[in-house]
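This report concerns only the one structure given below.
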Amino acid sequence: MKALPWGDIKLLVLDVDGVLTDGGLWVSSDGSVTKRFFVRDGSGIVRLQRIGIPVCWLTGRSDPAVEARAKELGVKRLISGSRDKADALQGLSLNMGVSLDAIAYVGDDLLDLPAIRLARLSIAPSDADERVRAEVDWVCDLAGGHGVVRWVCDQLIGANKEKVR
């Protein structure tokens, strides 16, 4: 693995569809949407936040299922309905007082590219759009919704062993 700046990261920002989920949507006849989240990704998010590295979800969709899962995991910042993820990432950086040079971003699709280009460390799932995979710092061996987030959290926790309780 090439040397990545895991120890410099102070904030993890995650896309939702295609990263925290497999990108599939189940839409019922009443229009409600159901999504599948990978429980070990959630465990990684909780552990990462416990050592003081906050996690933010940045998604182009607005969805009650995502809001419920974020709340369950203690994710305090959920930015929904964002069509300009670079602008959202810059605003998040300013609001949280975390430099873009201390942010890791995980994304899988073209809407993520502007944020990927701004973040210090960028990661994509193995099944990300090929144009995204071509621009990120690292392509994980795992697919979206199947452990990529847990893998990223484990890397960050490993680089911050002194903070692990």
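Relative to the longest principal axis of the chain, what angle (0 to 90°, nearest 10) does the C-alpha long axis of helix 39-50 take? Between the helix axis and the principal axis of the chain, the angle is about 40 degrees.
With a threshold of 24 Å on the Cα-Cα distance, the over-threshold entries among Lys85/Lys161; Lys10/Lys161; Lys35/Lys85; Lys10/Lys85; Lys71/Lys161; Lys35/Lys76 are Lys85/Lys161; Lys71/Lys161. Nearest 10 degrees is fine. How inclined is helix 85-96 to the longest principal axis of the chain, computing both from alpha carbons? So the helix axis and the longest Cα principal axis differ by about 50 degrees. In sequence order, segment 77-83 has phi-based couplings of 10, 10, 9, 10, x, 7, 9 Hz under the Karplus curve 6.51 cos²θ - 1.76 cosθ + 1.60, θ = phi - 60°, and Gly or Pro positions carry x. Between segment 84-129 and segment 1-62, the C-alpha centres lie 13 angstrom from each other. Angle of helix 148-159 to the longest C-alpha principal axis of the chain, folded into 0 to 90 degrees and rounded to 10: 20°. All Cα-Cα separations within the chain were binned at 10 Å from zero, giving a P(r) of 11, 44, 37, 7, 1, 0, each value a whole percent of the pairs. The helix-based estimate of mean residue ellipticity at 222 nm for the chain, built from -39,500 (n - 2.57) per DSSP H run of four or more residues and divided by its residue count, is -9500 deg cm²/dmol to the nearest 500.
Close amide H pairs (under 5 Å, H built 1.01 Å from N) link Asp108 with no residue at least 5 positions away or on another chain. Prolate is the label for segment 1-70. Its Cα gyration tensor axes, ordered a ≥ b ≥ c, give a/c of at least 1.5 and a/b above b/c. Karplus-based coupling profile of segment 120-127, in residue order and whole Hz: 5, 10, 10, 9, 10, x, 4, 9, with θ = phi - 60° in 6.51 cos²θ - 1.76 cosθ + 1.60 and x standing for Gly or Pro.
Only the coordinates and a few stated rules stand behind these numbers; no lab work does. Keep in mind it's a predicted model, so treat the numbers as computed, not measured.
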